Amino acid sequence: MTYNDGFHFLQIPGPSNIPGEVLRAIEKPTIDHRGTDFGMFTRELLEKTKKIFQTDSPIIIFPASGTGAWEAALVNTLSPGDKTLMFETGHFASLWNDLAIKLGIKTEFIEGDWRHGISSDKLQERLSADRKKEIKAVCCIHNETSTGIVSNIEDIRKAIDSENHPALLLVDTISSLGSIDYRHQDWGVDVTIACSQKGLMLPPGLSFNAISEKALLASKKAKSARSYWDWEPMLKNNIEGFFPYTPATNLLFGLDVACDMLLSEGLDSVFIRHARFGEATRQAVQAWGLETVCMEPSQHSNVLTGVFVPENHDADHVRKIILERFNMSLGTGLGKLKGKVFRIGHLGHFNDLMLIGSLGGVEMGFELADIPHQKGGVSRAMNYLISTATQ
Ligand SMILES: *Cc1c(COP(=O)(O)O)cnc(C)c1O
């Protein structure tokens, strides 16, 4: 028997829950994307979007999933044969590395254990050994969504600067933007990669590149073949609020409202809200006597929590029971974590009670799936939320 009354709990770390305000904005009739009204609308929207990236630099919006923005960042700044450093933080880092290889880029994939963020010391060592300055870009995932681990982009920038290395810094913020603090400009990032369906609370279908002056200069020399992803015609058309091809008009209506929601809550408050969800979830995991994927306390993600089930138990079996019995979707283990890990998404359009509901579903699911655990995770999370509630 399945129970489908009430809301479906979509607790995967993207696509995330969409606010009614955003859905209603998307529902508006489509307008002429070459008309004056649309041009005015997008010019304002592009300015507003910059605030979310915390930058004054241009933002390019493609009608694509996040993978498109990965490709766009690479083909606009690099040439086939260029060397880059990438870091094996988890499944998404591996996918980006594979994509770069297909484009003819010579990636050096620095091995990782999927339980730690990027080591800026290792990066610095590698850059200092690059005497001929052959490395053209350092490519990082800010929030590795397969594990729930955040890398410190400020430290990575410092490591590049202290070696006086000219490499570009490319950062994937697909699952962090709008949920945890990220500063394109202050942190000296050259290309920020993002998309719509995670912290921005939109359906899938928009992807972003925020571009530094240095990245723009690199794009004039980069020889990778590109057409759909080419920044140049985008930037040219964007001046008047237009696009070289049909943009995802209705998703842009949604983006406008989503930005308003984030900015009226205030980015700082948004980040604090997510920090409380992250900590409450980790306390629940600890009370259950289970282990998070992240091993380094300073690198825990506030967007999602990756949780190991005890050995000889199947994380996907628990997920299945929770979906069928409680109508909640949790994230599956990706790549080599398949079956060992499930992921609780706590991002976007989300509040304290939704978190308690989600954790309640997990705790009940453990009981039904005979997962060895201690009770009391939910009440630990409730206590934490109470102790940090502001009136
Ligand atoms: C979701 C995700 C992607 C892939 O985005 P798609 O929209 O599925 O193409 C890439 N990187 C990270 C960190 C992600 O979380």
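The values are calculated or read from the model by the stated rules, or taken from the named source; none is laboratory data. All of these numbers come straight from a predicted model, not from anything done at the bench. Ideal geometry is used to build each Cβ from the backbone, glycine not excepted, and the neighbour counts take in all protein chains shown.
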Worksheet item: Which one of these is in contact (Cβ under 8 Å) with a residue 24 or more places away in the chain and over 21 Å from residue 228 (Cα atoms): 95, 45, 78?
Response: 45
Worksheet, complete the sentence: Just one listed residue, out of 74, 78, 103, is under 25 Å from residue 238 (Cβ atoms), within 16 Å of the ligand (Cβ to nearest atom), in the same structural domain as residue 251 (by TED's automatic domain parsing) and touching a strand residue (DSSP E or B) at 6+ places or on another chain (Cβ under 8 Å), and it is 74
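Every residue, every condition in (1) away from the ligand (no atom under 16 Å from the Cβ); (2) part of a helix (DSSP H, G or I); (3) touching a residue at least 60 places away in the same chain (Cβ under 8 Å); (4) not basic (Lys, Arg), yes or no:
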{"residue": "132", "(1), (2), (3), (4)": "yes, no, no, no"}
{"residue": "137", "(1), (2), (3), (4)": "yes, no, yes, yes"}
{"residue": "146", "(1), (2), (3), (4)": "no, no, yes, yes"}
{"residue": "156", "(1), (2), (3), (4)": "no, yes, no, yes"}
{"residue": "159", "(1), (2), (3), (4)": "yes, yes, no, yes"}
{"residue": "175", "(1), (2), (3), (4)": "no, no, yes, yes"}
{"residue": "178", "(1), (2), (3), (4)": "no, no, yes, yes"}
{"residue": "189", "(1), (2), (3), (4)": "no, no, no, yes"}
{"residue": "198", "(1), (2), (3), (4)": "no, no, yes, no"}
Item to complete: Mind counting the residues in the range 8-28 that are part of a loop (DSSP other than H, G, I, E, B), in contact with a helix residue (DSSP H, G or I) (Cβ under 9 Å, 6 or more places away or on another chain) and among the hydrophobic types (A, V, I, L, M, F, W, C)?
Response: 1
Worksheet entry | Selection status of residue 353, more than 27 Å from residue 93 (Cβ to Cβ), surrounded by fewer than 17 Cβ atoms within 10 Å (Cβ to Cβ) and in contact (Cβ under 8 Å) with a residue 12 or more places away in the chain | no
Practice prompt. For the range 251-260, state whether one or more residues are of a type in the set (Val, Ile, Thr), crowded, with 16+ Cβ neighbours inside 10 Å, more than 16 Å from the ligand (Cβ to nearest atom) and closer than 17 Å to residue 182 by Cβ.
Written response: no
Worksheet item: When only residues in the range 200-224 that are within 16 Å of the ligand (Cβ to nearest atom) and not in a strand (DSSP E or B) count, which is surrounded by the fewest Cβ atoms within 10 Å (Cβ to Cβ)?
Response: 204
Practice prompt. Could you tell me which residue of the range 267-314 is farthest from residue 49 (Cα to Cα), considering only residues that are assigned to a loop (DSSP other than H, G, I, E, B) and touching a helix residue (DSSP H, G or I) at 6+ places or on another chain (Cβ under 6 Å)?
Written response: 309
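Select, from 193, 239, the only residue that is crowded, with 22+ Cβ neighbours inside 10 Å, assigned by TED's automatic domain parsing to the domain that holds residue 52 and of a type in the set (Val, Ile, Thr).
193
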